[in-house]
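One structure is given here, and the rest of the page talks about it.
Bear in mind these aren't lab numbers, they're just calculated from the coordinates by the rules spelled out. Remember, predicted model here, so these are calculated numbers, not experimental data. Note that we place each Cβ from the backbone using ideal geometry, even for glycine, and neighbour counts take in every protein chain shown.
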Amino acid sequence: HWQHSLRMRVLLAATAVLVVLLALLGTVFYLGARAELVEAARTEVDGLTEQTARSLAAMLDSVQVSGRTLAASSSAVGLQPFNLRALLLATLSGDPDIG
């Protein structure tokens with residue numbers, strides 16, 4: 001019978017070893033690729049976080065400059081409602097992000 005054949009047993013053993021090696025190789029490849037993808041994602045998130053922080057800092061600086069400019073301008077024009085309205089309208093038209 002083929003079940004008692006030495007050739008068949010050697011062939012089955014070799015096939016089993018190859019299947020195990022292939023599974024091991026696939027697992028190692030998967031883990032390596034996964035580690036690389038996770039590292040790339042972390043690097044990208046860190047870069048985006050830094051970029052967002054710089055953008056937010058620049059926006060806050062712009063708001064501070066606009067506030068100081070508005071305060072200095074309003075003290076120069078006095079408290080006349082017409083002058084204050086013109087100053088506020090000029091500020092709004094000068095910085096579209098305010099409105």
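Evaluate E = 1/(1 + (r/R0)^6) for SER66 and GLU36, where r is the Cβ-Cβ distance and R0 equals 41 Å; express this FRET efficiency to the nearest 0.05.
Efficiency, from the Cβ-Cβ distance: 0.35.
Report ³J(HN,Hα) in whole Hz for each residue of region 21-33, in order, from the Karplus equation J = 6.51 cos²θ - 1.76 cosθ + 1.60 where θ = phi - 60°; Gly and Pro get x.
Each residue of region 21-33 in turn: 5, 5, 5, 5, 4, x, 5, 4, 4, 4, 5, x, 5 Hz.
Answer with one residue from ALA90, LEU22, VAL38: the one whose Cα lies farthest towards the positive end of the charge dipole of region 2-94, charges on Cβ with Lys, Arg +1 and Asp, Glu -1.
Value computed over the given set: LEU22.
Taking only the alpha carbons of region 1-55, what extent do you get along each of the three principal axes, in Å, biggest first?
78, 10, 6
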